[in-house]
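Engineer: Here it is, the structure, as structure tokens.
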Amino acid sequence: MGDLFSNLAIGFGVALTPLNLGFALVGCLVGTLVGVLPGIGPIATVAMLLPLTFYLEPVSGLIMLAGIFYGAQYGGSTTAILVNMPGETSSVVTCIDGHQMARQGRAGPALAVAALGSFFAGCFATLLIALFSPPLAKIGSSFGSPEYFSLMALGLIAAVVLAHGSVIKAVAMVILGLLLGLVGTDGQSGGTRFSFGLVVLSDGIGFVPLAIGVFGLGEVIANLLAPEQSRSLVDKKVTGIWPTREDFRQAWPAVIRGTTLGSILGVLPGGGATLSSFAAYVLEKKVAKDPSRFGRGAIEGVAGPESANNAGAQTSFIPMLTLGIPGNAVMALMIGALTIHGIQPGPLVMAERPTLFWGMVASMWIGNLMLVIINLPLIGIWVQLLRVPYRLLYLSILLFCAIGVYTVNNNPFEIILTAFFGVLGYVFLRLECEPAPMLLGFVLGPLMEEHLRRAMRISSGDPMIFIERPISLGLLIAALALLVIVALPHIRSKREEVFQES
Amino acid sequence: MTSDSVPPQPSSRWHLLARKDVLAGFMFVGIAALGLFLSRNYPIGTSLRMGTGYVPRLLCWILLGLGAVVLIRGLRAGEAMGGPPLRWRPFLLVPGSLLAFALTIHEFGLIVATLLLIGIGSLAGRELRPLEVVIAALVLVTMTYVIFVWGLGLPIQVWPDL
């Protein structure tokens, strides 16, 4: 316990400096601003704003990036409640009851419950991160290459199984990501792979062009091709933000249930915000005395999922920070950002750079507090933003993508690469091939190959090493079990059910 | 990709191809085949000393297998391509606007590249009035200059090289 407090003290010492507080605030504001805009999800937001943080100190950059992520996440909920248009998959369920509340003139309480529930979840999840990261990092630092390889395999497979959509296509996307990660010069043998004879590709495919292209540009193309949606923006002025006593009585058990569920699901690979919010909505419906209220503006239907997605979004930092394993696409972006700052994510980060690690944990709590303060009083401004028509918005997105990519290396070729990945991203969208598993594979590809090679050198080329080591064997059995379970017809239909809630 | 604005003819063989999973399967198989072709001369080495080609070729073979399964499943029972019909303007002009930006930024500077991107990009959308484009261009050029050149102080060339 003493450790916990001294660690958090280090963290707050870093996060509370005026400069870092400022970056957290800017991150939260910009994240909310972009997140509120319909048609830009948190992955695209983080990807697009990633280059802005490269010029900062690593700690400040990560604090700002985390702020952007929460802001975008929260902004998406605002859009969901007020416009009935989820900016992201994790707020799809918020639309159902949140927008109904807004139509009944109760947008204020819906937004307030979402904000307060998220804040509670954020506090709890921050504490969990502080408690569980040190032991997990300790376990992680005892791992050798075979264990790491198996852990990454498990992480990738779990991410696929717990995500929605076809499992086999998702596995194929992971493999595709692994392949893209191998493009460029092979560090061990010095040979160049898949570079099409282009010198610019010999350093590999840039992380930023890939992420911005697939998630940012792909979305723009899809939005422009889709028929103009009639946005049912609630025109009534948002009045009376404070929920009634009755609202509180109904909402707080849902907040606690959502927080617990989200915290657990967030740690799992493939978990995070989306799975948490869907599962919380299903849970709320199950425990409700009168399930028929759901879909007609039940406040628990907002409180549960909103707390859960925030808790899940936060605890998904645990495996990323302690083991270097990204559970979802946003964490993959975080790993990319760390790597660009010259930090190899893994169990050593906490020991070698305690200020970075604990500073980030402390800033999570601060960021959550800021969001409550920013969002409730400023709601009027965000509502105005919702009126910006998409036909004006996408031009700024295009420009921001282009300049953002260009500023990373001052290399115009990377913009061309972004355009290519944009087209590819749109094709993925149309063919229902989830791009998130691809990004995970892309991030883990080079690492997995290195650990595979090292493991083979330890065992003099005998692949049995993965089975002979108990921890590695356990991880592989878990991965295999997941694949078998998800193939069972009964589980498969249940899995689809959870994601079908809309 | 085929346009699906016309309802698919059940008797036509083409409509089998216009299924999501069939196209996805072809995509995966195609990429895997390309990868195998490109890596045909990469040294594979042994499992103890893996060469440049070991892991890539292994992955390509797995992708080929998975792609084939997706393809076959799609042929047996697949969902037809849904969604809006493919129109060429956004599909070509969105990447096109970035391409124009990339090709001009070094020689002609930020202002010209931005104006080109907005000009080409605005053709990708529908119903953008000329006046709106002009205003958007002015606002965005000012904004990028203020944020990136003035605010962040990035070494970006602003005006054409004369």
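Engineer: Does region B:56-94 hold any residues that are of a type in the set (Lys, Arg) and either open to solvent by less than 40 Å² (accessible area, probe 1.4 Å) or under 17 Å from the mean Cα position of the chain (by Cα) (or both), and which are they?
Structural biologist: Taking region B:56-94 first, the residues of a type in the set (Lys, Arg) are B:57, B:73, B:76, B:87, B:89.
Those that are of a type in the set (Lys, Arg) and either open to solvent by less than 40 Å² (accessible area, probe 1.4 Å) or under 17 Å from the mean Cα position of the chain (by Cα) (or both): B:87, B:89.
Engineer: Scanning region A:138-197 for residues that are within 26 Å of residue B:69 (Cβ to Cβ) and of a type in the set (Phe, Trp, Tyr), which turns out most open to solvent (accessible area, probe 1.4 Å)? First the steps, then the outcome.
Structural biologist: Of the residues in region A:138-197, the ones within 26 Å of residue B:69 (Cβ to Cβ) are A:149-150, A:152-183, A:193-194.
Applying the additional criterion that residues be of a type in the set (Phe, Trp, Tyr) yields A:149, A:194.
Values: A:149: 44, A:194: 18 Å².
Applying the filter and picking the extreme gives A:149.
Engineer: Show me the helices (runs of 4 or more DSSP H) entirely contained within region A:255-339 in which 3 or more residues are more than 19 Å from residue A:361 (Cα to Cα).
Structural biologist: A:273-287, A:300-315
Engineer: I've got another one for you. Could you tell me whether any residue of region A:76-90 is open to solvent by 10 Å² or more (accessible area, probe 1.4 Å) and of a type in the set (S, T, N, Q)?
Structural biologist: Yes, some residue in region A:76-90 is open to solvent by 10 Å² or more (accessible area, probe 1.4 Å) and of a type in the set (S, T, N, Q).
Engineer: Quick check on region B:109-125. Is at least one of its residues at the interface with chain A (Cβ under 7 Å from one of its Cβ atoms), open to solvent by 70 Å² or more (accessible area, probe 1.4 Å) and under 30 Å from residue A:57 (Cα atoms)?
Structural biologist: As a first pass, look at region B:109-125 and keep what is at the interface with chain A (Cβ under 7 Å from one of its Cβ atoms): B:114, B:117-118, B:121-122, B:124-125.
Now restrict to residues that are open to solvent by 70 Å² or more (accessible area, probe 1.4 Å): none.
No, that holds for no residue.
Engineer: So if I check each of A:198, A:136, A:182, A:111, which one is within 30 Å of residue A:406 (Cβ to Cβ) and touching a helix residue (DSSP H, G or I) at 6+ places or on another chain (Cβ under 7 Å)?
Structural biologist: One residue alone meets the criteria, A:182.
Engineer: Please determine, by comparing only the residues of region B:126-156 that are within 30 Å of residue B:88 (Cα to Cα) and touching a residue at least 24 places away in the same chain (Cβ under 8 Å), which one is surrounded by the fewest Cβ atoms within 10 Å (Cβ to Cβ).
Structural biologist: Per the criteria, the residue is B:141.
Engineer: Whether any residue in region A:377-396 is modelled with pLDDT of 85 or more, assigned to a helix (DSSP H, G or I) and open to solvent by less than 10 Å² (accessible area, probe 1.4 Å) is what I want to check.
Structural biologist: In the first step, residues of region A:377-396 are kept if they are modelled with pLDDT of 85 or more; the result is A:394-396.
Keeping just the survivors that are assigned to a helix (DSSP H, G or I) gives A:394-396.
Narrowing the set further to residues that are open to solvent by less than 10 Å² (accessible area, probe 1.4 Å) leaves A:394-395.
Yes; the residues of region A:377-396 include at least one that is modelled with pLDDT of 85 or more, assigned to a helix (DSSP H, G or I) and open to solvent by less than 10 Å² (accessible area, probe 1.4 Å).
Engineer: Residues being free of Cβ contacts under 8 Å to residues at least 24 places away in the same chain, closer than 26 Å to residue A:169 by Cβ and within 10 Å of chain A (Cβ to nearest Cβ): count how many of those fall in region B:23-52.
Structural biologist: Looking only at that region, the number is 3.
Engineer: Something else now. With the requirement that a residue be surrounded by fewer than 21 Cβ atoms within 10 Å (Cβ to Cβ) and more than 9 Å from chain B (Cβ to nearest Cβ), what does region A:430-450 give you?
Structural biologist: Residues satisfying the conditions are A:434, A:446, A:447, A:450.
Engineer: Could you tell me whether any residue of region B:95-107 is more than 10 Å from chain A (Cβ to nearest Cβ), open to solvent by 70 Å² or more (accessible area, probe 1.4 Å) and not acidic (Asp, Glu)?
Structural biologist: No: region B:95-107 contains no residue that is more than 10 Å from chain A (Cβ to nearest Cβ), open to solvent by 70 Å² or more (accessible area, probe 1.4 Å) and not acidic (Asp, Glu).
Engineer: Related question: Tally up the residues in region A:451-483 that are of a type in the set (Val, Ile, Thr), open to solvent by 70 Å² or more (accessible area, probe 1.4 Å) and in contact (Cβ under 8 Å) with a residue 60 or more places away in the chain, please.
Structural biologist: So the count comes out to 2.
Engineer: When you go through B:63, B:93, B:59 one by one, which is the residue that is modelled with pLDDT of 90 or more and in the same structural domain as residue B:123 (by TED's automatic domain parsing)?
Structural biologist: B:93
Engineer: A further question follows. If I ask for residues that are in a helix (DSSP H, G or I), more than 10 Å from chain A (Cβ to nearest Cβ) and among the charged types (D, E, K, R), which ones from region B:126-162 would you list?
Structural biologist: None; the set is empty.
The values are calculated or read from the model by the stated rules, or taken from the named source; none is laboratory data. Since the structure is predicted, the reported quantities are computational estimates derived from the model, not experimental observations. Note: ideal-geometry Cβ built from the backbone for every residue, glycine included; neighbour counts use all protein chains shown. Remember, those area values only see protein heavy atoms, side chains included, never the ligands or the DNA or RNA. Shrake-Rupley method; radii C 1.70, N 1.55, O 1.52, S 1.80 Å.
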